[in-house]
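Remarks on the structure that follows.
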Amino acid sequence: MSTQPPERPRRNFYGRFKGKTLKPSQKTYLSEDLAALSPGAVDWDSNPDRTPIDLDALFGGKPVWLEVGFGGGEHLVHQAQRNPDIGIIGAEPFINGVAMLLGKIRRAKVSNLAVHPGDVRDLFDVLPDASISRAFLLYPDPWPKKRHHRRRFVTPEHLEPLARVLKPGAIFRVATDIPDYVRQTLEEVPRAGFEWLAEGPEDWRKPWDDWISTRYEQKALREGRTPHYLTFRRNG
Ligand SMILES: C[S@@+](CC[C@H](N)C(=O)[O-])C[C@H]1O[C@@H](n2cnc3c(N)ncnc32)[C@H](O)[C@@H]1O
């Protein structure tokens with residue numbers, strides 16, 4: 001009996017893949033460094049069967065963390081430097097952000113990082129169940145208009161596969177400066193199988209002890225918006 005490969009889902013992506021022209025140094029980083037940082041066969045063309053990637057082979061059996069939409073990569077590199085006994089995968093479709101990250105990786109000389117330069121939903125397909133110990137969603141695209149709220153990351157389309165790949169008890173951190181994003185996060189994330197760990201206002205007003213402010217957070221602060229730091233634990 002022959003088994004058919006899974007059908008490729010139609011996934012709309014509403015963000016940006018490219019911004020201003022890359023600097024020559026950034027083009028060099030992309031052509032010289034990116035392939036070696038691949039977490040494995042993520043793209044549909046190279047892995048139409050969606051065979052799970054081998055995280056033990058990738059990081060030598062270390063616990064694995066995931067950052068969704070790492071932007072310029074400052075938080076990703078910071079966590080990799082602080083946690084040499086962890087392997088961290090970052091996913092980001094915006095190629096200018098990926099190029100910025102690669103420059104930071106060269107300067108920081110970290111080797112416990114992998115990069116998927118694309119949509120995290122394609123990465124979720126090929127991550128084994130219960131394989132990720134911690135996930136970060138830092139300043140996800142706010143999509144402020146009501147008719148666009150369904151594009152937000154905190155919707156079942158993203159949260160269900162995230163919940164599947166997280167280990168029971170794994171921590172999921174969300175930072176946002178948009179009050180209505182806090183509302184939707186507190187509604188949707190528990191529904192997907194997580195518990196919000198806040199006991200009082202300090203828990204969401206104060207950054208995490210190991211926090212480094214991201215580019216987007218700096219912009220939010222300059223523009224007078226208030227960060228919220230939400231910590232969840234995967235049930236199980
Ligand atoms: C507002 S920016 C924040 C970037 C960074 N985390 C920071 O705090 O500076 C949101 C980022 O999420 C990325 N993003 C949006 N949808 C994504 C997806 N499906 N998979 C991975 N990243 C995504 C965007 O390309 C963008 O860089």
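The values are calculated or read from the model by the stated rules, or taken from the named source; none is laboratory data. As the structure is a prediction and not an experimental result, all values here were calculated from the model. Cβ placement follows ideal geometry from the backbone for every residue including glycine, while neighbour counts extend to all protein chains displayed.
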> Restricting attention to the stretch 1-52, which residues are among the basic types (Lys, Arg) and surrounded by fewer than 11 Cβ atoms within 10 Å (Cβ to Cβ)?
Replying inline: Arg10, Arg11, Lys18, Lys20
> Is the stretch 14-37 home to any residue that is within 16 Å of the ligand (Cβ to nearest atom), in contact (Cβ under 8 Å) with a residue 12 or more places away in the chain, among the aromatic types (Phe, Trp, Tyr) and under 22 Å from Ser131 (Cβ atoms)?
Replying inline: no
> For residues in the stretch 126-158 being closer than 25 Å to Ser46 by Cα and not in a loop (DSSP other than H, G, I, E, B), which is nearest to the ligand (Cβ to nearest atom)?
Replying inline: His158
>> I need a count of the residues in the stretch 55-88 that are crowded, with 21+ Cβ neighbours inside 10 Å and within 16 Å of the ligand (Cβ to nearest atom).
In response: 14
>> Quick check on my filter: what residues within the stretch 103-125 are within 15 Å of the ligand (Cβ to nearest atom) and either out of contact with any Gly (no Cβ under 8 Å at 6 or more places or on another chain) or without any contact (Cβ under 8 Å) to a residue 24 or more places away in the chain (or both)?
In response: Pro117, Gly118, Asp119, Arg121, Asp122, Leu123, Phe124, Asp125
>> Report every pair of residues separated by at least 6 positions or lying on different chains whose Cβ atoms are under 7 Å apart, first residue within the stretch 156-170 and within 15 Å of Val120 (Cβ to Cβ), second in a helix (DSSP H, G or I) and within 14 Å of the ligand (Cβ to nearest atom).
In response: His158/Arg121; Pro161/Arg121; Pro161/Phe124; Leu162/Phe124; Val165/Phe124
>> Of everything in the stretch 133-179, what is small (Gly, Ala, Ser) and in contact with a helix residue (DSSP H, G or I) (Cβ under 8 Å, 6 or more places away or on another chain)? Give them in sequence order.
In response: Ala135, Ala175
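Here is a yes/no grid of residues against (1) modelled with pLDDT of 95 or more; (2) out of contact with any Lys or Arg (no Cβ under 6 Å at 6 or more places or on another chain):
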{"residue": "Asn12", "(1), (2)": "no, yes"}
{"residue": "Gln26", "(1), (2)": "yes, yes"}
{"residue": "Leu34", "(1), (2)": "yes, yes"}
{"residue": "Trp44", "(1), (2)": "no, no"}
{"residue": "Pro52", "(1), (2)": "yes, yes"}
{"residue": "Asp56", "(1), (2)": "yes, yes"}
{"residue": "Gly61", "(1), (2)": "yes, yes"}
>> Could you check the stretch 78-117 and list, in sequence order, the residues that are touching a Phe, Trp or Tyr at 6+ places or on another chain (Cβ under 9 Å) and among the β-branched types (Val, Ile, Thr)?
In response: Ile86, Ile88, Ile89, Ile95, Val98, Ile105, Val115
